[in-house]
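Written below as structure tokens is the structure these notes are about.
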Amino acid sequence: MLLYSFKRLLYGLVTIWFIATATFIAMHSVPGDPLLNNKAVSETIRKNLEKRYGLDKPLSQQYVIYIGNMLKGDFGVSFTQQNRRVNDIIREHFPVSAVLGILAITFATLGGILWGAITALYRNKLPDIIIMFLVILGISVPSFVFAALGQLSIIQMNDLFNRSILPVAGWGDFTHMLMPALVLGLGTMAFLVRLMRSSMLEVINSDYVRTAKAKGLSPLKIFFSHQLRNAVLPVITILGPAIAAITTGGFVVEQIFAIPGLGRYFVQAVQQSDYTVIMGTTVFYGAFLVFMVILVDIVYGFVDPRIRIHAES
Amino acid sequence: MKISKFLKIVSCFFCLLALPNINLMAQAVDFEKQKVTIALADEPPSLNSIKSTDQISFFILGHTNEGLLNYGKRNKLVAGVAEKWEVNDKGAKFWLRKNAKWSDGKPVTAHDFVFAWRTVVNPATASEYAFIMYPVKNAEAITNGKKSPDTLGVKAIDDYTLEVTFERPCGYFLGLMAFGTYYPVREDFYKAQGERYAADKENLLFNGAFKLTHWVHGAALKLEKNEHYWNKEAVHLNEVDMPYITADALARFNLFKDGKIASTGLDGETLKNALQNKYKIRKFSDGAIFYQEFNYREGRVTANIHFRKALQLVFDPNELVDKVVAVPGNIPARSLIPLWVKGVEDKFRKEYPAKEISVDIKKAKEHLAIAKKELGLTEFPPLVLLVGDSPTASKQAEYLQNLYKKNLGLDVKIDKQIFKQRLAKMSVGDFDLVSAGWGPDFNDPMTFADLFASWNENNNGRYNNPEYDKLIRIAQNSADPKIRMDAFSKMQDIIIDDVAILLQYEAGSVYVQSRKLKGVARRVIGADPSYINARVVE
């Protein structure tokens, strides 16, 4: 198990290095650079700016310097935001995205497992049809539509009660998180419902469930200890990448609900060609994703003893 | 039955969560506290006035800091840190008021201006707005590394007298004194902060109507009345709170609708929504002008005057404004110099009306035929139209594409690029036509006219007309308003006769604002909107 974990970790590091290098190459091959602005500057100022940010050096040298600093954990200073360190940007804004993401994933997982199990139990009956219709809606409607609808419904609700039940946007306390988390988690929840449904259907027809029934166990006992526990495995598998995707992919939701998360910086940096922020956020997110995948592998071992034994042998 | 019970429980849960918050929620306007809440579209990228270049930074700085002069009611120049001044062809002299103070209580002195201006032009600073200092003696030479920063034509005669020597006569110099780049910066504080200057609220000093008391990056800013401000009696608001930062216009509009913010700008979509809600729509001309630039580099068909004439003669700015832009406040452009710019006595455009061009498809086709002959082409290659990635930009590009195809049989390829990529393609000349715009830096035709001087770095199409260059030099080297405006009038004609660019529209914006908020000034130049003299009424 230890060797297995170590190997996974090593692969992870190689992946991160690859992400960093690929981003570096892609970023520099796109036309335009962070020093360009609406108003053109004179040749001298341009040269001074290049010197300050080290862009006057050959690309290979920039790469070596960059990787060196990255190993020391220093992502440099933003080009577009004066005197702000990329490390500070990540440190200040990632927790916001993470809190929102965790709330969204909690909501998505609970909802996904619950509704997924229900659709399987009521296969081809009315609840199944209704839920599956909503699931297709949840998967195909983009999050900005849900976000706008969510915001509108808050306004309607506040208007109806003539007082502020929920804030329309902004960041501060738990009430600010509810609607954005709901919207953010919706797509993942819909996906999980489908996954849960198919995996549950497989379990329902399995031998051990029939045996349990034959033994005369109560339906509730069968549901929780035999069906759910086995059916939930695939859900856990995709949970790692899903957490990473949700905490990093919240740009639209963050923008609409005026939430100071990292997603906004991630997207804006690309539009602004802000080299240091692009590298910092991409490598950070890449590392986060790799870490989540490894974590899931380890957790998987605990949930499913068969995998643990297999890995050890 | 079961579901409705579930919903009841859920809604009770929501209510319980929200209850303790009701009184804490920010409201748009507060009469008792004289507090206004607004939303920002973006975080200010740089509050270091020496280096700021963008609107949001200048908006905050315009509230927290003050130059020698300031914009007052009706956008007239009024006394700022300077209480009186003298200007002539050679230079200017300012007498500073003794009660102007920094937010730590120390006086604002002439040395603070000398330090700030020298830092702006110092090539080591690499300030992108250094060009705005060029009317001051030696500024351009210093920026290009040919002279040392202490040769800049600005001198503190004593703590409260500042003397400026000009590089050449400058008719609009007083207007520049209200511009952010010319704000004072105190040397000891600036140096003590080092690399951290302007990075957070603790790393800033204020000498304006407000001070920045709260700044959570990307989330919130708060301005509070500055008790050290010399003219604090004229400031009614105690607080301008900005707890929301979002670039999403619909989100900001929703906040307005919910009574959380006092004002917000509208785009095409939110405008419809605002009209449905019967809100009072306010209009404001924001001073910028939009146009298509042509590429004059070798081998481009757009370098041919007859080709450009053909494009000009089929294009009707009225139709573009009414049917494509379709947001009130925008005006069809008839000249490079917008309607609001000052001339000799009155507005420039009143004194020197621009030539009218009317659509004439027959004549356009004749010009196109001549162009074909002159260029020796059997068929025109598809034109590359470079545009930004906003929905508005796409809409306008598609309109032009259709217009040229229908009337002239020309094919247009739309090259849609995100911000920096578009700038890169513009500066290397990778286009035939490019949608561009320009916002003014001061109230004089020069802020627009010199864009098409052959030496201007912003002249992306490389328009080169010796006659035009000569007129720019005349306007630059004279202080006589009549001589200068006559020169601008001739440039105005050249732009149209030579089809140097294809004029589109003067930009305007529409917005909604709480009825309880009065005295907010909208400005073409400087901090816009300005809440300095605003107040909340009952």
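FYI, it's all coordinate maths here, none of it is from the lab. Since the model is a prediction, treat every value here as computed from it, not as a measurement. Cβ coordinates were reconstructed from backbone atoms using ideal geometry, including for glycine residues, and neighbour counts include every protein chain displayed.
Would you compute, from DSSP H runs of 4+ residues alone, the mean residue ellipticity of chain B at 222 nm, taking -39500 (n - 2.57) per run and dividing by the full residue count, rounded to the nearest 500?
The helix contribution divided over chain B gives -9000 deg cm²/dmol.
How long is the gain from B:D150 to B:V359 if the chain were fully straight, where each residue apart is worth 0.36 nm and the alpha carbon distance is subtracted?
Net length gain for the segment: 69.7 nm.
Name the shape class, rounded, prolate or oblate, that the alpha-carbon gyration tensor gives for the protein assembly as shown, where a ≥ b ≥ c are the square roots of its eigenvalues, rounded holds for a/c under 1.5, and otherwise prolate holds if a/b is larger than b/c and oblate otherwise.
It is prolate, given that a/c is not under 1.5 and a/b is the larger ratio.
Mind checking B:210-219 for the average number of partner chain beta-carbons within 10 Å of each residue's beta-carbon?
Taking the mean over all residues of the peptide, I get 4.
Mind sorting A:Y300, A:Y208 by how few other Cβ atoms lie within 10 Å of their own Cβ, fewest first?
A:Y208, A:Y300
Filter B:K147/B:K420; B:K323/B:K425; B:K84/B:K342; B:K90/B:K146; B:K362/B:K416 down to the pairs with a C-alpha to C-alpha distance above 25 Å, please. Please list the in-between numbers first.
On the way: B:K147/B:K420 32 Å; B:K323/B:K425 29 Å; B:K84/B:K342 23 Å; B:K90/B:K146 22 Å; B:K362/B:K416 31 Å.
Too far apart for the 25 Å limit: B:K147/B:K420; B:K323/B:K425; B:K362/B:K416.
When DSSP beta bridges are limited to those with both residues in segment B:285-508, what percentage is antiparallel, rounded to the nearest 5?
In segment B:285-508, DSSP labels about 70 percent of beta bridges as antiparallel.
Starting from a Cα-only point model with no solvent, please compute log10 I(q)/I(0) by Debye for chain A at q = 0.11, 0.13 1/Å.
-0.86, -1.07
Work out the mean other chain Cβ neighbour count within 10 Å for the residues of A:68-80 and drop it here as an integer.
Working: counts 0, 0, 0, 0, 0, 0, 0, 0, 0, 2, 1, 1, 4.
Partner-chain Cβ atoms within 10 Å, mean over residues of A:68-80: 1.
What's the average, rounded to a whole number, of partner chain beta-carbon atoms within 10 Å of each residue's beta-carbon in B:239-251?
Values: counts 0, 0, 0, 0, 6, 8, 8, 10, 5, 11, 0, 6, 9.
Mean shielding count: 5.
Hey, what did chain B get for relative contact order, percent, Cα under 8 Å, at least 6 apart?
Taking the mean separation of contacting Cα pairs over the length of chain B, I get 19 percent.
Starting from the Cα of A:K125, step 7 Å along the direction of its Cβ; do the same at B:N99; then give the gap between the two resulting points in nm.
A separation of 8.3 nm, rounded to one decimal place.
When the convex hull of the Cα atoms of segment B:145-274 is projected onto a plane and the area is averaged over all directions, what value comes out in nm²?
12.9 nm²
So, in Å, what gap is there between the alpha-carbon centers of segment B:296-325 and segment B:140-204?
Each part's Cα centre sits 42 Å from the other's.
Any chance you could check the Cα centroid distance between segment B:468-538 and segment B:379-419 for me, in angstrom?
Each part reduced to its Cα centre gives a spacing of 28 Å.
Quote the charge dipole size of chain B about the Cα centre in Debye, to the nearest 20; the model charges only the Cβ of Lys and Arg (+1) and of Asp and Glu (-1). Could the numbers behind the result be given before it?
Details: 74 positive and 66 negative charges, 281 e Å.
Value, rounded to 20: 1360 debye.
Over segment A:30-100, what is the relative contact order in whole percent, taking alpha-carbon pairs under 8 Å and six or more residues apart?
Values: 27 pairs, mean separation 13.1, N = 71.
Relative CO of segment A:30-100 lands at 18 percent.
How many angstrom separate the Cα center of segment B:436-455 from the Cα center of segment A:215-271?
52 Å
If you take the beta carbon distance between B:D480 and B:K272 as r and set R0 to 56 Å, what does 1/(1 + (r/R0)^6) give as a FRET efficiency, to the nearest 0.05? Could you put the intermediate results ahead of the total?
Working: r = 50 Å, r/R0 = 0.89.
Result of the calculation: an efficiency of 0.65.
For B:A326 paired with A:N38, estimate the spin-label separation in nm (one decimal), with each label point 7 Å from Cα along the Cα-to-Cβ line.
2.6 nm
When the dipole is taken about the Cα centre of the protein assembly as shown, and only Lys, Arg (+1) and Asp, Glu (-1) are charged at their Cβ, what size is it in debye, to the nearest 20?
1920 debye
Taking +1 at the Cβ of each Lys and Arg and -1 at the Cβ of each Asp and Glu, which of B:L408, B:P466, B:V434 sits farthest along the dipole of segment B:285-508 towards its positive end, judged by Cα position relative to the Cα centre?
Of the candidates, B:L408 comes out farthest on the positive side.
Once phi is turned into ³J(HN,Hα) by the Karplus curve 6.51 cos²θ - 1.76 cosθ + 1.60 with θ = phi - 60°, what whole-Hz value does each residue of segment B:126-136 show in order, with x for glycine and proline?
Result, rounded to whole Hz: 6, 6, 5, 9, 4, 4, 6, 8, 4, x, 7.
Take each of the peptides A:238-245, A:152-159, average the number of other beta-carbon atoms within 10 Å over its residues, and list them starting from the highest.
A:238-245, A:152-159
Below 8 Å between Cα atoms, with a sequence gap of 6+, how large is the relative contact order for segment B:204-331 in percent?
About 13 percent, as a whole number.
Can you give the Kirkwood hydrodynamic radius of chain B from its Cα pairs, in Å with one decimal?
Result for chain B stands at 25.6 Å.
Please give every one of the aspartates and glutamates within straight-line cross-link reach of A:K213, meaning a C-alpha to C-alpha distance under 18 Å, and leave out same-chain neighbours fewer than 8 residues apart.
Correct list for A:K213: A:E202.
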